[in-house]
Amino acid sequence: MQNASPRRMPLSALMLFVLAVLCALAAVVCFAGEGARLHPALADPMAGLAFLVSAVALAGAGAFPLVMVRLAARDDDVG
């Protein structure tokens, strides 16, 4: 049975997804070669790879609380 109110995304998941998007944008900037304008350490193309890996890790960490809320809601519906 579905609740009348829509389920909301947990704040922790939302924050982690926002950080993942920001890291992905930073990765695109570094891969485009524009990272040197922000800081000399970002001129290295491997800085873009580091941002990309961080974005994937943050998105994965953000999925965890989202899955837990969905499982808890499904458990409440059954029980």
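Looking for something of a type outside the set (Ser, Thr, Tyr), more than 14 Å from the chain's Cα centre (by Cα) and surrounded by 12 or more Cβ atoms within 10 Å (Cβ to Cβ) - is there at least one such residue anywhere in region 50-65?
yes
Within region 1-58, restricting attention to residues that are assigned to a loop (DSSP other than H, G, I, E, B), among the hydrophobic types (A, V, I, L, M, F, W, C) and within 30 Å of residue 72 (Cβ to Cβ), which residue is modelled with the highest pLDDT?
Checking each candidate, the answer is 9.
The values are calculated or read from the model by the stated rules, or taken from the named source; none is laboratory data. All figures in this text were calculated on a predicted structure; none of them were measured in a lab. Virtual Cβ from ideal backbone geometry, glycine too; neighbours counted across all protein chains shown.
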